[in-house]
Amino acid sequence: MPKLNMPKIKLLKGKHHMNSWWDSIELVGKYNFILQILSISFLFLSLLAGAISLKFSMRISDLQKLKDIKAIEEDSNRTTEITTLKNELSVTKNELDTAKTKLDKRISDAEIAIKPIPLPERLRQLLSAIDSKILPSLKAGNTNFSGGITSAQFNDLQKISKELGANKYITISPDVKMGLGMGPEGVTYGVTFTLDPRLITD
């Protein structure tokens, strides 16, 4: 009896071994399928990550370009502002220079007006107003003069001759003749006076 049962036992063992082998193949197939799915998933994720990275890179590039354009515009605006300021400063400087020139002239005129004119100069101006030939004649050597002058000129001549130091340059004769003239004042004075040649040089 035991000898007849031996082959059956071996047959059963072989069948059990066969089933385990097929189960292993099936299991490996499932693993391979899962691995393929995972591989495809990783590939998809890699492509997705690459697309996202590319999109971010393009966005960063666009932002950088926008930043560069904005910087160029700001530089251009700044250059324009600087040019405008330079022009305004130039105009202001010219205005200040013009104002300074006018102020200097006014100061100079004021100084001239305040500063007293020397006696010899004022006497020369008065004599030239009376007759433009008097000073050239004095320069030529003539010292004695006589003629008719207006009442205003006579008053000015008398006034200046009474100033301190005037007797050094002019001496008016007390013999004055008054008469009728043809001018607007209607009266003339016949005056005789002597001039000193120093009036020309002082």
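Each value in this text was obtained by applying a stated rule to the coordinates, not by laboratory testing. This is a predicted model, so every value here is computed, not measured. Here Cβ is always computed from backbone atoms with ideal geometry, including for glycine, and neighbour counts include all displayed protein chains.
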Q. How large is ³J(HN,Hα), in whole Hz, for each residue of the range 72-81 in order, when computed from phi with the Karplus curve 6.51 cos²θ - 1.76 cosθ + 1.60 and θ = phi - 60°, using x for Gly and Pro?
A. 5, 5, 5, 4, 5, 5, 5, 5, 5, 4
Q. Any idea how far apart Leu89 and Arg106 come out in nm if each label point goes 7 Å out from Cα toward Cβ?
A. 2.8 nm
Q) Put +1 on the Cβ of each Lys and Arg and -1 on the Cβ of each Asp and Glu in the range 81-142; which of Ser137, Leu119, Leu85 then has its Cα farthest toward the positive end of the dipole? A) Ser137
